[in-house]
Amino acid sequence: MTTEQKQLVKATVPVLREHGVVLTSHFYKRMFLHNPELKHVFNMGNQKNQKQQTALAMAVLAYAEHIEDPSVLLPVVDSIGHKHTSLDIRPEQYAIVGRHLIASIQEVLGEAATPELVEAWTIAYRQLAALMSGHEQILYDQQTQKIGGWAGWRPFIVRKKVEESSEITSFYLYPSDGGTVADFMPGQYISLRLFLPELNLWQPRQYSLSCAPNGRYYRISVKREAGTTHPDGMISNRLHDFVQEGDVVDLSAPAGSFVLQQDWSVPKVFISGGVGQTPLMAMLEGIAGTNEREAMGRITWIHGCRSEAVHAFKDRLQEIGGSGIPLVTHIFYDEAAEEREGLHKGWVELNPIKSDVLLKEAHYYLCGPAPFIAKHYTFLVEHGVASQCIHFEEFGPASLHLN
Ligand SMILES: Cc1cc2nc3c(=O)[nH]c(=O)nc-3n(C[C@H](O)[C@H](O)[C@H](O)COP(=O)(O)OP(=O)(O)OC[C@H]3O[C@@H](n4cnc5c(N)ncnc54)[C@H](O)[C@@H]3O)c2cc1C
Ligand code: HEM
């Protein structure tokens, strides 16, 4: 790429910043019109709420800004790569996306899209696509080289369905081929896809693994997304109401870069809201299963949800607490009949419990709705916690840019 072409791409940053979502919305409309087979690949719920359009726009913008040195984007390329591999995105699909993205730039910018600008963006896109699909190939290779590993979709049988609370149900998933399942790092997720007859589409969704690795099965714990002002969640409700023990679902291999650091002596603080506790539960289960108790650092478990009725895993949490690991728990219910040690009324607030939160050299793991993560991230940073010690996961396309 020439210096002039890099300048041209960088010069589009203000336009992209202003019209980025318009451009990517146009792009998705165009792509689904010409390549409707990709509707099986994308989360059509996220298309409605615009989250995916924004995530793609932000990624393209970040690339244009760093065109001189795209290596600074590697952490982002890695986390998108994990999401892409969990959806079985293949290199040849980059050409389709590229074709529609470049055509959309032309259509949205109109006369401002000079042939030179279009040429510069075409080269820039090819470079980005090569960077991303190259990294994704490494991730696929890592997945397939594991014992019990695979790439793409693999059928799993739902052997057990367990109600964890009035709105969260766990699914125990065993490979239907009778083989072993790949190990994973606690905190990672799988994609699960179901065929939705009402849309005539396959639809994938990500679910964090909520158990520790065990070689035999995966467990996911799914919250029913019931709409009052908007339609019910498509996959979560289908899983709750129609998918029964003995049924088969397709899973992709575990992926994701939100993982537990394995140094047991480091104190760990887990902060979750609602169903956001699932990846943290896998981390806690992983800790509970080790023999490294002697030198184990303190563990603080902070969880908030609406009420005891929707509080999943509370018995298991007590059981782990009684098993001799140095665990302190703080549970917050919006609606609580009483307050006692470790049980608080209202939303999660870290200030009143800061002696259990601000632990020297601790690592923090946050998962919950985006405003929940942002609020507690800000508290931690304002109280001197280094951003590299704070790890978080959003249950949807990345919208936060905190560290
Ligand atoms: C890494 C990761 C891990 C995750 N882990 C878990 C987990 O462990 N457990 C879990 O339960 N979930 C998890 N999720 C979320 C999960 O992937 C799904 O997003 C969730 O189950 C909702 O999917 P759905 O198909 O039921 O809802 P969708 O049909 O996708 O709808 C999503 C939301 O949008 C609303 N909606 C639908 N249509 C409209 C409309 N027209 N206008 C406005 N709103 C609308 C729905 O009511 C719903 O609340 C995770 C997500 C990610 C990215
Ligand atoms: C240079 C090209 C691309 C860029 C910059 C890009 C960027 C992104 C970003 C930022 C996300 C959100 C990740 C997250 O927050 O978790 C994402 C998700 C996704 N991407 Fe890409 N992507 C590219 C190419 C592709 C291609 C070729 C495909 C396949 C057709 C694809 C399919 C998807 C899907 C299905 C998702 C998940 C969508 C969802 O859950 O709503 N992407 N991509």
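The values are calculated or read from the model by the stated rules, or taken from the named source; none is laboratory data. What you see is a predicted model, and the numbers here were worked out from it, not measured in a lab. Note that each Cβ is placed from the backbone with ideal geometry, even for glycine, and that neighbours are counted across all protein chains shown.
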_Verdict on residue 77 being at pLDDT below 95 and either among the charged types (D, E, K, R) or surrounded by fewer than 18 Cβ atoms within 10 Å (Cβ to Cβ) (or both)_ = no
*Mind listing just one residue for me: the one in the stretch 12-21 that is in a helix (DSSP H, G or I) and touching a residue at least 24 places away in the same chain (Cβ under 8 Å) and, of those, surrounded by the fewest Cβ atoms within 10 Å (Cβ to Cβ)?*
17
_Kindly evaluate residue 1 against the criterion of being assigned to a loop (DSSP other than H, G, I, E, B) and modelled with pLDDT under 95._
yes
_Index of the failed condition, residue 280 passing every other in (1) away from ligand 1 (no atom under 12 Å from the Cβ); (2) surrounded by 18 or more Cβ atoms within 10 Å (Cβ to Cβ)_ = (1)
*If we scan the stretch 287-299, do we find a residue that is within 16 Å of ligand 1 (Cβ to nearest atom) and either under 23 Å from residue 392 (Cα atoms) or crowded, with 19+ Cβ neighbours inside 10 Å (or both)?*
no
*Does residue 20 meet the test of being more than 28 Å from residue 197 (Cβ to Cβ), more than 8 Å from ligand 2 (Cβ to nearest atom) and at pLDDT 95 or above?*
no
_Can you confirm whether residue 258 is at pLDDT 95 or above, touching a Ser or Thr at 6+ places or on another chain (Cβ under 8 Å) and not charged (D, E, K, R)?_
no
_Residue that is of a type in the set (A, V, I, L, M), within 16 Å of ligand 1 (Cβ to nearest atom) and either more than 19 Å from residue 214 (Cβ to Cβ) or surrounded by fewer than 18 Cβ atoms within 10 Å (Cβ to Cβ) (or both), where the choices are 101, 109, 87_ = 87
_Can you find a residue that is surrounded by 19 or more Cβ atoms within 10 Å (Cβ to Cβ), within 16 Å of residue 84 (Cα to Cα) and in the same structural domain as residue 83 (by TED's automatic domain parsing) anywhere in the stretch 22-32?_
no
*Do we have residue 290 as assigned by TED's automatic domain parsing to the domain that holds residue 374 and closer than 28 Å to residue 89 by Cβ here?*
no
